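A quick write-up on the structure given underneath.
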Amino acid sequence: MAGKMNTIRIVGVVGAGQMGNGIAHVCALGGYDVLLNDADVARIDAGLEVIGKNMRRQVGRGLIQKADMDSGLKRIKGAPKLAAFEACDLVIESVVEQDEAKRKVFADLRGILKPSTILASNTSSISITRLAATTERADKFIGLHFMNPAPVMELVEIIRGLATSQETYDTSIRFIESLGKKIANAEDFPAFIVNRVLVPMINEAIYTLYEGVGSVDAIDKSMRLGAHHPMGPLELADFIGLDTCLSIMQVLHEGLADSKYRPCPLLVKYVEAGWLGRKTQRGFYDYRTDPPTPTR
């Protein structure tokens with residue numbers, strides 16, 4: 001096993017959004033060559049621009065050296081066509097938190113990847129065993145759930161599917177450790193550990209707003225100052241994305257069949273309105289103003 005880590009040199013990331021570009025950022029600083037893909041080519045360019053901006057911010061704060069940034073940026077290349085992933089030793093899927101979208105990525109990768117390539121999902125809630133079963137490499141499939149934002153957060157949840165091999169698990173452990181991240185092993189249950197605890201709390205905060213117990217400002221202030229949370233739960237929901245929060249609650253509700261996980265109707269309404277949080281400029285706060293103003 002001593003040389004197993006040498007098998008990963010090139011990492012492919014599918015999805016150039018907030019999570020995908022963050023994962024690419026971390027992998028490049030970790031010394032890996034990275035290919036960044038997205039179905040929307042414009043998002044690849046936008047993702048590369050965000051990575052550059054975030055690395056410059058890290059240099060400004062003294063977190064990395066300019067030389068680290070320069071070499072890291074050289075290691076990341078846009079890959080508009082998935083065919084480029086035939087060179088990858090590890091591919092991490094980081095598209096929208098929807099079963100169907102992830103299955104499409106895995107179907108598109110079939111026939112492209114080397115037999116030895118590990119395929120990972122950054123899913124925050126969906127069954128790894130179920131996703132693995134849609135691929136032709138269930139033994140080489142694993143869950144690697146990076147926290148958001150990936151360049152800042154220290155933790156990665158590792159989730160083994162029923163068919164995940166010991167070699168895949170051991171290689172994944174070494175890979176994550178090589179990035180300087182800490183690991184939490186989670187069993188393959190809906191939403192794993194972090195989101196099983198975090199997102200129901202956010203959902204309860206939305207219920208608290210829905211029932212008129214407190215305003216957006218009062219709820220977030222209460223949790224920041226009364227529980228020393230760095231960010232209020234409604235502000236955090238906007239940061240995560242209300243569509244992602246809703247998807248996770250739906251996975252919990254359907255997977256565990258417990259009414260305590262029922263998504264708040266107000267969360268459903270905001271998502272239906274397209275008010276998804278920061279990424280659409282409106283959620284529980286309106287980000288078109290400075291500072292952002294509560295929408296309720």
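The values are calculated or read from the model by the stated rules, or taken from the named source; none is laboratory data. This one's a predicted model, so the numbers in the text were calculated from it and none came from an experiment. Cβ coordinates were reconstructed from backbone atoms using ideal geometry, including for glycine residues, and neighbour counts include every protein chain displayed.
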task = Would you tally the residues in region 256-276 being over 17 Å from Glu204 (Cα atoms) and crowded, with 16+ Cβ neighbours inside 10 Å?
result = 2
note = When restricted to Thr244, Thr171, Thr164, the only residue crowded, with 20+ Cβ neighbours inside 10 Å, touching a Lys or Arg at 6+ places or on another chain (Cβ under 6 Å) and among the polar types (S, T, N, Q) is Thr171
request  = Mind listing just one residue for me: the one in region 248-296 that is of a type in the set (Ser, Thr, Tyr) and part of a loop (DSSP other than H, G, I, E, B) and, of those, nearest to Asp217 (Cα to Cα)?
outcome  = Thr295
query = In this structure, does Asp286 turn out to be among the charged types (D, E, K, R), touching a residue at least 60 places away in the same chain (Cβ under 8 Å) and either outside the structural domain of Asp170 (by TED's automatic domain parsing) or closer than 19 Å to Ile126 by Cα (or both)?
reply = no
task = Among the numbered conditions (1) in contact with a Cys (Cβ under 8 Å, 6 or more places away or on another chain); (2) surrounded by fewer than 17 Cβ atoms within 10 Å (Cβ to Cβ); (3) over 16 Å from Pro294 (Cα atoms); (4) not polar (S, T, N, Q), tell me where Tyr210 comes up short.
result = (3)
Subset of region 33-60 (residues that are of a type outside the set (A, V, I, L, M, F, W, C) and touching a Leu at 6+ places or on another chain (Cβ under 8 Å)) = Asn37, Gly47, Gly52
Qualifying position, being touching a residue at least 60 places away in the same chain (Cβ under 8 Å), closer than 25 Å to Asp170 by Cα, surrounded by fewer than 19 Cβ atoms within 10 Å (Cβ to Cβ) and small (Gly, Ala, Ser), among Gly22, Gly31, Gly17, Gly12 = Gly31
Which listed residue is over 18 Å from the mean Cα position of the chain (by Cα) and under 19 Å from Leu119 (Cβ atoms), from Ala24, Ala79, Ala67, Ala39 = Ala79
query = How many of the residues in region 171-196 are farther than 18 Å from Val91 by Cβ and of a type in the set (A, V, I, L, M)?
reply = 6
ask   = Is it the case that region 45-60 has a residue that's touching a strand residue (DSSP E or B) at 6+ places or on another chain (Cβ under 7 Å) and farther than 25 Å from Leu113 by Cα?
value = yes
ask   = Has region 79-91 got at least one residue that is surrounded by 16 or more Cβ atoms within 10 Å (Cβ to Cβ), closer than 27 Å to Ser165 by Cβ and out of contact with any strand residue (DSSP E or B) (no Cβ under 8 Å at 6 or more places or on another chain)?
value = no
note = Matching residues in region 209-243 (free of Cβ contacts under 8 Å to residues at least 60 places away in the same chain and polar (S, T, N, Q)) number 1
query = Just to be sure, is Ala120 surrounded by fewer than 17 Cβ atoms within 10 Å (Cβ to Cβ) and hydrophobic (A, V, I, L, M, F, W, C)?
reply = no
query = Would you pick out the residues in region 160-194 that are within 13 Å of Asp139 (Cα to Cα) and not in a helix (DSSP H, G or I)?
reply = Arg160, Gly161, Leu162, Ala163, Thr164, Ser165
request  = Please work out if Leu242 is within 27 Å of Ile126 (Cα to Cα) and either at pLDDT below 95 or among the hydrophobic types (A, V, I, L, M, F, W, C) (or both).
outcome  = yes
